[in-house]
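Novice: My structure is below; once you've seen it, I'll send some questions.
A short reminder: the numbers here are calculations on the coordinates, not readings from a lab. These numbers were taken from a predicted model, which means no experiment stands behind them. Every residue, glycine among them, receives a Cβ derived from its backbone with ideal geometry; neighbour counts consider all protein chains shown.
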Amino acid sequence: MRKSKKVIVSCAVTGSIHTPSMSPHLPTTPDEIATNAIGAAEAGASILHLHARVPETGAPSQDPDHYAMFLPRIKQSCDAIVNITTGGGLGMTLDQRLAAAKWARPEIASMNMGSLNFNISAAAGRIETFKEDWEKPYLEMTKDFILSNTFAQIERGISELSADGAKFEFECYEIGHLYNLAHFADRGLVEPPFFVQGVFGILGGIAAEREHLDHMRTTADRLFGDDYYFSCLGAGRHQMPFATMNAISGGHVRVGLEDSIYISKGELATSNAQQVEKIVRILGELSIEVATPDEAREMLGLKGADQVGF
């Protein structure tokens with residue numbers, strides 16, 4: 001892994017996994033998403049990983065019109081790097097998933113590096129009353145769901161977004177996904193430095209165990225040498241421990257309400273900024289410095305905020 005003096009803190013603001021009934025603090029309206037994103041940046045996040053929601057219902061959306069309701073405000077209010085998802089919402093077509101990033105032409109976009117079972121159905125059984133009609137069937141359908149990221153789909157996403165100068169957050173839910181990234185690197189379709197995001201703790205993907213974190217990093221070392229930066233996220237209760245372990249070992253971190261709606265055991269986080277403040281505080285106690293947005297841009301070789309489409 002490429003060594004760096006400072007840690008890149010990413011914040012995934014709302015995602016498409018959690019639903020409005022799970023937490024009253026989950027940002028779902030354009031104003032809530034913008035406010036949470038700006039607050040996370042002010043707390044120390046250098047990258048904002050963004051999804052959109054349907055304003056009236058909180059359902060996941062990749063409609064560029066919904067992104068247009070908050071992206072300009074975020075850009076005007078902070079200098080954080082905007083990272084647009086191409087994962088979108090579970091069950092969306094590839095055209096739907098790519099639409100927002102193709103419109104926004106961001107500095108960086110997420111790119112899932114392989115297909116996997118993606119099961120969040122158990123969450124439905126923990127909710128007594130749903131606020132919105134879409135929530136229960138959305139969660140329950142994942143018991144028989146494959147998050148599709150074929151080689152053809154990945155190649156299309158990389159090719160279309162690279163044409164506008166975007167780099168990628170390569171989301172790897174399994175060891176095999178690192179080899180998929182190596183395949184595209186060997187073909188020259190992506191260029192270093194690679195920003196690899198290890199995703200741990202999703203049912204259907206690699207479990208959140210320390211040994212798996214070590215194995216993913218040593219595998220990436222073997223495949224990419226010092227041509228990559230390794231960030232990681234631990235879903236749910238694993239969020240802060242995994243971020244801390246990875247940072248101690250020289251890696252980078254991701255927090256945010258997309259990955260966990262809690263700030264501590266049994267206590268809901270009231271904002272994304274609260275989670276960013278916590279990991280920044282932990283890093284500070286360990287004498288680990290946090291990268292500014294411009295320092296992260298330089299590390300990742302991004303095109304700059306003046307080259308985006310919003």
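Novice: Place a label point 7 angstrom from the Cα of Ser148 along the Cα-to-Cβ direction, then list the residues of region 166-184 whose backbone nitrogen is under 17 Å away.
Specialist: Answer for this model: none.
Novice: Next question. By the scheme Lys and Arg +1, Asp and Glu -1, what is the net charge of all other residues having a beta-carbon under 14 Å from that of Asp133?
Specialist: Working: positive: Lys131, Lys136; negative: Glu56, Glu132, Glu135, Glu140.
Residues close to Asp133 contribute a combined charge of -2.
Novice: Check cross-link reach from Lys75 to the lysines: straight Cα distance under 22 Å, and skip same-chain residues fewer than eight apart.
Specialist: Result set, ordered by chain and number: Lys102, Lys167, Lys303.
Novice: What whole-number distance in Å separates the alpha-carbon centres of region 176-194 and region 229-248?
Specialist: 23 Å
Novice: Can you tell me the dipole magnitude for region 6-307 around its Cα centre, using point charges on the Cβ only (Lys, Arg +1; Asp, Glu -1), in Debye to the nearest 20? Intermediate results must be reported in sequence, preceding the final value.
Specialist: Working: 24 positive and 39 negative charges, 50 e Å.
That gives a dipole near 240 debye.
Novice: Based on alpha-carbon centroids, what's the gap between region 98-155 and region 27-53 in Å, whole number please?
Specialist: 19 Å
Novice: Mind checking which of Arg297, Arg222, Arg281 has the largest fluctuation in a GNM of the chain, springs on alpha carbons under 10 Å?
Specialist: Highest fluctuation of the listed residues: Arg222.
Novice: If I build a Gaussian network model for the chain, linking alpha-carbon pairs within less than 10 angstrom, which residue out of Asn36, Asn180, Asn112 has the largest mean-square fluctuation?
Specialist: Asn180
Novice: When ranked by the protection proxy of mean other Cβ atoms within 10 Å per residue, highest first, what sequence do the peptides 189-198, 151-160, 63-72 form?
Specialist: Values: 189-198: 20.5, 151-160: 15.9, 63-72: 18.6.
My ranking of the peptides, most packed first, is 189-198, 63-72, 151-160.
Novice: Follow-up. Using only the Cα atoms of the chain, what do you get for the radius of gyration and for Dmax, in Å?
Specialist: 17.6, 50
Novice: Which residues does the label zone of His25 cover in region 38-63, counting backbone N under 13 Å from a point 7 Å along Cα→Cβ?
Specialist: 40
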